[in-house]
Amino acid sequence: MGSFRFVLAAAVLALVACAAPSRETGQGCAVPRLAASPAPGILLGDLGMPPGSLRDDEIAAMADCLGPDLDAAFARVRDKAIDGKNWTTMSTSYRASEHGMFLQVYADAAAAPSYRLYEMGARMPEGATLLKRSFRVGADGKAEAFRIFIMTRERTGYAPDANDWRFAVFQPDGTLIGETGGRGDANVRFCIECHRAAQAQDYLLFVPPRFRIDAR
Ligand code: HEC
């Protein structure tokens, strides 16, 4: 009986291993130009990338190649603010000044009507959620899915110091790094500090104009 249990457990484990989303999918994604002649210096690290060196077409190609990895990373995130929602794409894939890495911004149905008005938008309703997926590229040109950032409007009074936004950030394997007002709060307080600069526009900092899509 004992050995039967062991065999059963091993079979289940093997099945789980096969069914688990592959983290290797994106291993083949690399910017050919950088892979051919890696940039000198140590550029890897949390925000590491060859600074400013990727052309728009290279960024778009990387986003395409990494698509399945980005989808898989997002699917691993467990957060009540994102369950079962449809997302409107609000940006092309672009390199952002503040967040480092390369970003893609999405809005849910409650956030999109106001977000697409950008600086002219109104205070967003409870439940409105903005999402950023990201990827990074090393000096050797290799690209990988990176962190997922969420801002969601909680009930009135949830966070008087942040216009009732909750900020959360996840690793691409689905691990929560922190959420304001919840687990790992200390890891993410800095989100509020920076976004507070946009107090007059509901703490939203917006995609730079060149990368906006679906603006009305
Ligand atoms: C140093 C400043 C800074 C910090 C810190 C920061 N952000 Fe942002 N954030 C920005 C800027 C600038 C934008 C506009 C889009 C971009 O990055 O180009 C933005 C945009 C966003 C957006 C899209 C909604 C919008 O404002 O347009 C989300 C979601 C977001 N950030 C989440 C987070 C989370 C979660 C954290 C903490 C882990 C965080 N941010 C920390 C500067 C910052």
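Under a point spin-label approximation (7 Å from Cα along Cα-to-Cβ), what is the GLN171-THR88 distance to one decimal in nm?
Simple spin-label model gives 3.4 nm for this pair.
If we count other beta carbons within 10 Å of each Cβ, what is the order of TRP165, TRP87, fewest first? Let's see the in-between values first.
Details: TRP165 25, TRP87 19.
Lowest to highest Cβ neighbour count: TRP87, TRP165.
Placing +1 at every Lys and Arg Cβ and -1 at every Asp and Glu Cβ, with all other atoms neutral, what dipole size does the stretch 43-211 have around its Cα centre, in debye to the nearest 20? Show your work: numbers first, answer last.
On the way: 20 positive and 23 negative charges, 45 e Å.
The dipole of the stretch 43-211 has a size of about 220 debye.
For the stretch 152-214, what does the alpha-carbon gyration tensor say about shape, rounded, prolate or oblate, given a ≥ b ≥ c as the root eigenvalues, a/c under 1.5 as rounded, and a/b over b/c as prolate? Mind showing how you got there, number by number?
On the way: a/c = 2.01, a/b = 1.20, b/c = 1.68.
Oblate shape, in that a/c is at least 1.5 and b/c is the bigger or equal ratio.
What net charge do the residues around LEU70 carry, taking every other residue with its C-beta under 12 Å from that of LEU70, with Lys and Arg at +1 and Asp and Glu at -1? The partial results should precede the final answer.
Values: positive: ARG76, LYS132, ARG133, ARG136, ARG147; negative: ASP64, ASP69, ASP71, GLU144.
For residues surrounding LEU70, the net value is +1.
Taken together, the values in this text are just the output of simple stated rules run on the coordinates, not laboratory data. Values in this document were obtained by computation on a predicted structure and should not be read as measured data. Every residue, glycine as well, gets a Cβ built from its backbone with ideal geometry; the counts of neighbours run over all protein chains shown.
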